[in-house]
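Participant: Have a look at this one before I ask anything.
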Amino acid sequence: MNSARVNLLGFDRNGLREYFAQLGEKPFRADQVMKWIYHQRVTDFTRMTDLGRGLRDKLLEVAAVTPPTTLLDQHSSDGTRKWLLGTDSRNAIEAVYIPEPTRGTLCVSSQVGCGLNCSFCSTATQGFNRNLDASEIIGQVWVAAAALGNVPHQQRRITNVVMMGMGEPLLNFDNVVRAMDVMRDDLGFGLASKRVTLSTAGLVPMIDRLGEVSDVSLAVSLHAPNDELRTELVPLNRKYPIAELLDACARYAARKPRSSITFEYTMMDGVNDHPDHARQLIKLMRRLPGKVNLIPFNPFPGTRYARSKPEVIAAFQTILMQAGVMTMVRRTRGDDIDAACGQLKGQVLDRTRRAAEFRKRIEEGVTHAA
Ligand code: SF4
């Protein structure tokens, strides 16, 4: 693509209308183009037959619809599918599709790598390179939709999107919010807000900011029921300890009366899976409406952690359920193609100094990544 051309995947509806206004075009033309892109999965302006020749020629000159390049498309024996998507000449990210009988969930990345350094996370071992722009985030959904034959409002293969892949989405706030707007727009992928979930390691100020501009579902990577252990697993906890995080979650839930927050809890053998941990977790869950997702840890080369035994996970779940805490155990999917939760790696050209600076900025309370 001519690099001077504007990638229309980077706009939400208002942004695209503004761009079309700059081209001297009416807003409904932008709406027509959105439908072609997201409902018909057409990227070639010459095929957008209701646009008129003049506009098509103009778009061919100044714009393009360019999703990320598919470098690898892997199929698991359980139906899970994983795409390795090139975002530039040296980096790649991963998106995963998990089909279930009643829904299809797409897990999407928000950054190339991640700088938060959670000790049990495969992505963290790759370091951090950069934020994805909005076109690269919505582009993951576009690529999956095209591969799966997804048609919004008609033949939905993607019923849910979770921002739970590589990266911390709240550190790439504007791009993530814009991409989630397209996911929920009727002219985009048309998903209900509760079917789009943002998962965060717990950036308290940004949770509040998200509550001001969006009503997507919120998931929080908790993984431990006390500060000492959580700081070991999720170093960001030093900056935003559990009490502050839960207060922010309560504020978010209060803005969205019908929503409940999901707390992700990765089960690691002998680390956070003792019955005492379950009892501590019950005390936390009394503070706000939420459900707990227990995720059996997915080992990766070089990790010091192991997966909790199935009977330990079952006992942990029982303790929580008996106390009235809604608790699910997530089934491990896509094991044979390294697509299971926490295993996404992509190809990250780690700019080590940049990753260190990034972590320092977070420690200092800067909540926007470059
Ligand atoms: S668990 Fe999430 S926030 Fe933590 S390092 Fe991995 S991708 Fe980043």
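No lab work stands behind these numbers, since they all come straight from the coordinates. Everything quoted here is computed from the prediction, not taken from an experiment. Quick reminder, even Gly has a Cβ in these numbers, built from the backbone with ideal geometry, and neighbours come from all protein chains shown.
Participant: Report the percentage of all Cα-Cα pairs in region 150-265 whose separation exceeds 26 Å, rounded to a whole percent.
Facilitator: So the portion of pairs separated by more than 26 Å is 21 percent.
Participant: Let me ask another. Setting aside same-chain residues fewer than 8 positions from Lys26, which aspartates and glutamates have a Cα under 15 Å from its Cα?
Facilitator: Partners found: Glu18, Asp50.
Participant: For the Cα atoms of the chain, what angle does the longest principal axis make with the long axis of helix 204-213, in degrees from 0 to 90, nearest 10?
Facilitator: On a 0 to 90 degree scale, this one is about 40.
Participant: Grab the Cα-Cα distance for Val6 and Thr318, subtract it from 0.36 nm times how many residues apart they are, and report the gain in nm with one decimal.
Facilitator: Full-extension gain reported as 107.0 nm.
Participant: Exceeding 32 Å between C-alpha atoms, which entries from my cross-link table qualify? They are Lys82/Lys194; Lys239/Lys291; Lys283/Lys309; Lys58/Lys82; Lys58/Lys256.
Facilitator: In this structure, Lys58/Lys82; Lys58/Lys256 exceed 32 Å between Cα atoms.
Participant: Contact order normalised by length for the chain, with contacts defined as Cα pairs under 8 Å and 6 or more residues apart; what percent is it?
Facilitator: 18
Participant: Explain nothing, just the number: dipole magnitude of the chain about its Cα centre with +1 on each Lys and Arg Cβ and -1 on each Asp and Glu Cβ, in debye rounded to the nearest 20.
Facilitator: Dipole of the chain, to the nearest 20 debye: 460 debye.
Participant: Around Asp31, what is the net charge, scoring Lys/Arg as +1 and Asp/Glu as -1 over all other residues with Cβ under 9 Å from its Cβ?
Facilitator: In short, +4.
Participant: FRET efficiency for Asp78 and Arg304, Cβ-Cβ distance as r, R0 = 30 Å, nearest 0.05?
Facilitator: The computed FRET efficiency comes out at 0.65.
Participant: Which of rounded, prolate, oblate describes region 21-138, given a ≥ b ≥ c as roots of the alpha-carbon gyration tensor eigenvalues and a/c under 1.5 marking rounded, otherwise prolate only if a/b is larger than b/c?
Facilitator: Prolate, because a/c is 1.5 or more and a/b exceeds b/c.
Participant: When a/c reaches 1.5 or more, the comparison of a/b and b/c decides; with that in mind, is region 6-64 rounded, prolate or oblate per its Cα gyration tensor?
Facilitator: rounded
Participant: Same structure again: What net charge do the residues around Met267 carry, taking every other residue with its C-beta under 11 Å from that of Met267, with Lys and Arg at +1 and Asp and Glu at -1?
Facilitator: 0
Participant: Return the equivalent ellipsoid semi-axes of the chain as a descending list in whole Å, where each equals the square root of 5 times an eigenvalue of the C-alpha gyration tensor.
Facilitator: Rounded to whole Å, the semi-axes are 36, 21, 20.
Participant: So how far, in whole Å, is the C-alpha centre of region 247-312 from the one of region 23-45?
Facilitator: Region 247-312 and region 23-45 have Cα centres separated by 42 Å.
Participant: Net charge near Val325, counting Lys/Arg +1 and Asp/Glu -1 over other residues with Cβ under 10 Å of its Cβ?
Facilitator: That works out to +2.
Participant: Another question about this same structure. Among Met48, Met183, Met268, which one moves the most in a GNM of the chain with springs linking Cα atoms closer than 10 Å?
Facilitator: Met48
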